[in-house]
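A single structure is presented below for examination.
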Amino acid sequence: MPHKCQGFSLENLPRLHRFLSLGLLQSTYVVCELRSQTADLAQLVHLQRNGRVTANCLTTIMCPRRVIPDSSCYFVTTSIVRWQPVLRARVRCHLIIQSLKRCLAHKGLHLHGFVIMPTHAHYILSCDPGRLLSDIMRDFNTHTSREISASLQADGEFRLLRIFREAAEMERRGNSYKVWQTGFHPVSIETDRFFRQKLHYIHENPVRAGLVELPEEWEYSSARNYAYGDHTIIQVEFIDWSDRI
């Protein structure tokens, strides 16, 4: 099912631009139902022409990505609200890793690739039959949001806490803090070639950001797993695509 954004409807599209501009929402997840409604699309085009909605957002609304039941492997992204560099601290990266390990052990999640960057994280994931990736990611984001908020409180990071508190108030779902942008941007991976493209993209993130010279130098990345067979940080499952042909 398409992801429906809390607080958005066809009647309050003008609120869309504010949420996007503040980095509270990933554009892929904005009111996907609009794509089949000509009148509302015309309204959205009007908003885009007046600078209230980006052209990229318009494209993704018309062609939304979603979790496809028959697909078993996904490239997903989780991003911090307003792109704050919360994950620059190793202790918070460790919180992400520990939560991933719990999902691997108890929720039927399988990890095939990852990188944790200061403002976001990318993963290549699959899950056991009968499990929904959307449910796992919802629980994962909820748990890590609480853990990160507690870490920020312990460290006295009051500026960040204020940003996340304001984001939660705007979302109006009763949470004290909103750490993650809404959605996890699933992209279905069906072939070995596409898998390798996404894995390369993930591993090159720290290099492109100028944080390291080689992908395997970044501690919180599966580049180390693939280059050295080093699963010290977390176990990564390599995929045998011959079994999927």
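When the range 148-157 is examined, which residues are found to be assigned to a helix (DSSP H, G or I) and surrounded by 11 or more Cβ atoms within 10 Å (Cβ to Cβ)? Break it down stepwise before answering.
Our first condition is that a residue be assigned to a helix (DSSP H, G or I); within the range 148-157, this holds for 148-154.
Hits for the range 148-157 are ILE148, SER149, ALA150, SER151, LEU152, GLN153.
Ok, one more. Please verify whether ARG92 is touching a residue at least 40 places away in the same chain (Cβ under 8 Å), outside any loop (DSSP other than H, G, I, E, B) and surrounded by fewer than 19 Cβ atoms within 10 Å (Cβ to Cβ), treating the condition exactly as stated. First the steps, then the outcome.
Details: touching a residue at least 40 places away in the same chain (Cβ under 8 Å): yes; outside any loop (DSSP other than H, G, I, E, B): yes; surrounded by fewer than 19 Cβ atoms within 10 Å (Cβ to Cβ): no.
Judged against the criteria, ARG92 is not a match.
If SER145 satisfies every condition in (1) in contact (Cβ under 8 Å) with a residue 40 or more places away in the chain; (2) buried (at least 18 other Cβ atoms within 10 Å of the Cβ); (3) closer than 19 Å to SER176 by Cβ but one, which is the exception?
Answer for SER145: the failing condition is (1).
Output the residue which, of all residues in the range 201-223 that are in contact (Cβ under 8 Å) with a residue 40 or more places away in the chain and outside any loop (DSSP other than H, G, I, E, B), is farthest from CYS93 (Cα to Cα).
Residue satisfying both the conditions and the ranking: TYR201.
Go through the residues of the range 181-190 one by one and say whether even a single one is modelled with pLDDT under 95 and over 19 Å from the mean Cα position of the chain (by Cα).
Yes: the range 181-190 contains one or more residues that are modelled with pLDDT under 95 and over 19 Å from the mean Cα position of the chain (by Cα).
Which of the numbered conditions does LYS198 fail, given that it passes all the others? Conditions: (1) modelled with pLDDT of 95 or more; (2) more than 19 Å from the chain's Cα centre (by Cα).
All conditions are met except number (2).
The values are calculated or read from the model by the stated rules, or taken from the named source; none is laboratory data. Source: prediction; values computed, not measured. Reconstructed Cβ throughout: ideal geometry from the backbone, glycine too, with neighbour counts over all protein chains shown.
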